[in-house]
Amino acid sequence: MTPPRAVPPPHRAGSDVPFLVVMGGLGGSYVVLIVALLAADLAFTSPGHFAEALRKPEIQAAIELTLVSCTVSALLSVWVATPLGYLLSRFAFRGRWLVDTIIDIPVVLPPLVIGLSLLILFHLPLGGTNLEELIQRRLGFRVTYAEPAVVLAQFAVACAFAVQTMRVTFDQIDARPEQVALTLGCRRSQAFLHVALPQAWRGIVAATTIAWARSLGEFGPILVFAGATRMRTEVLSTTVFLELSVGQLEAAVAVSLMMVLAAMGVLGVVRLAGARVAR
Amino acid sequence: MIELDQLAVRSGDFEMSGISLAIPEGAYAVLMGGTGQGKTTILEAICGLRAVTSGRVVLNGDDVTRRRPADRSVGYVPQDLGLFPTMTVRGHFEFALKVRRTPRARIAERVSELAGVLGIERLLDRTMRGLSGGESQRVALGRALSFRPRILVMDEPLNALDEATRDRLCELLRTIQRETGLTTLHVTHSRTEARSLADRLYIIDSGRLTERPLTELAP
């Protein structure tokens, strides 16, 4: 009789706890940083500072211009980003990579450079005149150092993010139903309007809110292209800068927190829309 | 009638050429062949969704090779159905008729007629969410038939259905085709399906498309 073979001890995989602790520790540190920043702001300010800041006519004007300019630039961004995102997603045209790269420029470029470039574009000599003069003469309003410059500076950056969102949105929408719509007698425009666009509404909401939030945070290009004239081209991001520069730290923090609240509201809308946004 | 005359198609690395067939008016043709042989590509070329590099597509005597999909009047049921996620079943049936500016009363008439034939009257106001496989197939079929095309092409329409549903739909396809005299091209892997439907059998293998006698389908 052969002796019974030794049974190997059953396999035990060991604990997952160390893994989860390391991952959670590394990842959580960033969450802690953000919470700490907000908590510090909150600890520094008081309802009194808030009320005081809100009473200043300059800040009231800045809030108004911020809300209007962000909304206009967000709507403009989506108006442009929806067709561009659709074209880039659905058509493999020659030179698409080039368009792709060009659209990404505002995303990777320092925003200040965009402002500077806008300034140069509008004042570049153009057959004895320049774009700024031409617009003033033909359309009767100023752009540089005026409200339109605020919107344009915001739009120039925000639109790039809206295009990315819309492109991802249309990439995730199956193209087959639009093809079937074509066989059913549609023009491409009808397939877009009746089949693709109704499926894209979550992406449109996401793109609008992202463009709005980017516009809210825009500072460099506005400073360069629109200036920081109180009661005229001052938006909340410039308010923070202006208040800081005159030593009004409390007001700067109060305004910063207002922007945090606005940004959180916008993010809430994105989450509610349930949009899957790539960036 | 569906005629393909020395058709050549290229997309990316995939290439096929010398594809010819002639399906007579009112015939039910079944096209079989292995995966990756280009069956879907042939259907797409007939619908106008795939550009052809050479050769001709002639439908009911008209050379439509350079015509847009919208101007070919081919009913198309793709393999993944391509249903409209934001529309109701009724919306699907109305779609092609609205595009053609058909009067409202005639659209309503056609919708209830289609729903009756397909047996989905009670689903008309449902969206695509929660429809079963068989119900979805009926919606895709009804949408393709809504504008009364004279040609119907279907890409494995009965795939992924249980056997009972498949049999019922086979029967339905046969009835519809008999009553409307549609010229039909039906792509399938299933010999059973081909046996119960085909008037004509085409096989594509190694890039060659040939007509075969129906006796090849005998069990």
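The values are calculated or read from the model by the stated rules, or taken from the named source; none is laboratory data. Because the structure is a prediction, the values reported are computed rather than measured. Counting neighbours? That spans all protein chains shown, and the Cβs are built from the backbone with ideal geometry, glycine included. Please note that ligands, DNA and RNA were not included when accessible areas were found on the heavy atoms of the full protein model with its side chains. Shrake-Rupley method; radii C 1.70, N 1.55, O 1.52, S 1.80 Å.
Quick check on my filter: what residues within the stretch A:190-213 are of a type in the set (A, V, I, L, M) and more than 14 Å from every other protein chain (Cβ to nearest Cβ)? Please lay out each step first, then the result.
First, the residues of the stretch A:190-213 that are of a type in the set (A, V, I, L, M): A:191, A:193, A:195-197, A:200, A:204-207, A:210-211, A:213.
Within the stretch A:190-213, A:205, A:206, A:207, A:210, A:211, A:213 meet the criteria.
Among all residues of the stretch B:85-95, there is at least one that is away from chain A (no Cβ under 11 Å) and open to solvent by less than 70 Å² (accessible area, probe 1.4 Å). Residues in the stretch B:1-50 that are closer than 20 Å to residue B:212 by Cα, surrounded by fewer than 22 Cβ atoms within 10 Å (Cβ to Cβ) and of a type in the set (D, E, K, R): B:3, B:5, B:25. Within the stretch A:91-106, residues that are closer than 21 Å to residue A:189 by Cβ reach partners that are part of a helix (DSSP H, G or I) with beta carbons closer than 8 Å, at six or more positions or on different chains, in the pairs A:93/A:87; A:96/A:88; A:99/A:88. Can you name every residue in the stretch B:174-197 that is open to solvent by 10 Å² or more (accessible area, probe 1.4 Å) and closer than 16 Å to residue B:217 by Cβ? Within the stretch B:174-197, B:174, B:189, B:190, B:191, B:192, B:195, B:196 meet the criteria. Of everything listed in (1) on the phi > 0 side of the Ramachandran plot; (2) away from chain B (no Cβ under 14 Å), the single unmet condition for residue A:168 is (1).
Return yes when residue A:234 is over 18 Å from residue A:148 (Cβ atoms) and touching a helix residue (DSSP H, G or I) at 6+ places or on another chain (Cβ under 6 Å) and no when it is not.
Against the criterion (over 18 Å from residue A:148 (Cβ atoms) and touching a helix residue (DSSP H, G or I) at 6+ places or on another chain (Cβ under 6 Å)), residue A:234 does not qualify.
The criterion of being of a type in the set (A, V, I, L, M, F, W, C) and within 14 Å of chain A (Cβ to nearest Cβ) does not hold for residue B:120. Out of B:115, B:160, one residue alone is free of Cβ contacts under 8 Å to residues at least 40 places away in the same chain, over 13 Å from the mean Cα position of the chain (by Cα) and open to solvent by less than 10 Å² (accessible area, probe 1.4 Å). It is B:115.
Could you list, in sequence order, the residues of the stretch B:62-80 that are under 13 Å from the mean Cα position of the chain (by Cα), facing another protein chain (nearest Cβ under 8 Å) and open to solvent by 20 Å² or more (accessible area, probe 1.4 Å)?
Here is the first cut: in the stretch B:62-80, the ones under 13 Å from the mean Cα position of the chain (by Cα) are B:73-80.
Narrowing further to those that are facing another protein chain (nearest Cβ under 8 Å): B:73-76, B:78, B:80.
Within the stretch B:62-80, B:73, B:80 meet the criteria.
Evaluated against (1) within 14 Å of chain B (Cβ to nearest Cβ); (2) more than 20 Å from the chain's Cα centre (by Cα); (3) open to solvent by less than 10 Å² (accessible area, probe 1.4 Å), residue A:182 falls short on exactly one condition, (3).
Between residues in the stretch B:79-95 that are under 22 Å from residue B:47 (Cα atoms) and outside any loop (DSSP other than H, G, I, E, B) and residues that are of a type outside the set (Gly, Ala, Ser) and open to solvent by 40 Å² or more (accessible area, probe 1.4 Å), which pairs lie under 8 Å by C-beta distance while being six or more apart or on different chains? So the pair list comes out as B:95/A:194. All conditions in (1) modelled with pLDDT under 90; (2) part of a helix (DSSP H, G or I) hold for residue B:141, with the sole exception of (1).
What do you reckon, is residue A:204 open to solvent by 20 Å² or more (accessible area, probe 1.4 Å), at negative phi, among the β-branched types (Val, Ile, Thr) and in contact with a Phe, Trp or Tyr (Cβ under 7 Å, 6 or more places away or on another chain)?
no
For the stretch A:64-82, the tally of residues that are open to solvent by 10 Å² or more (accessible area, probe 1.4 Å) and under 18 Å from the mean Cα position of the chain (by Cα) stands at 11.
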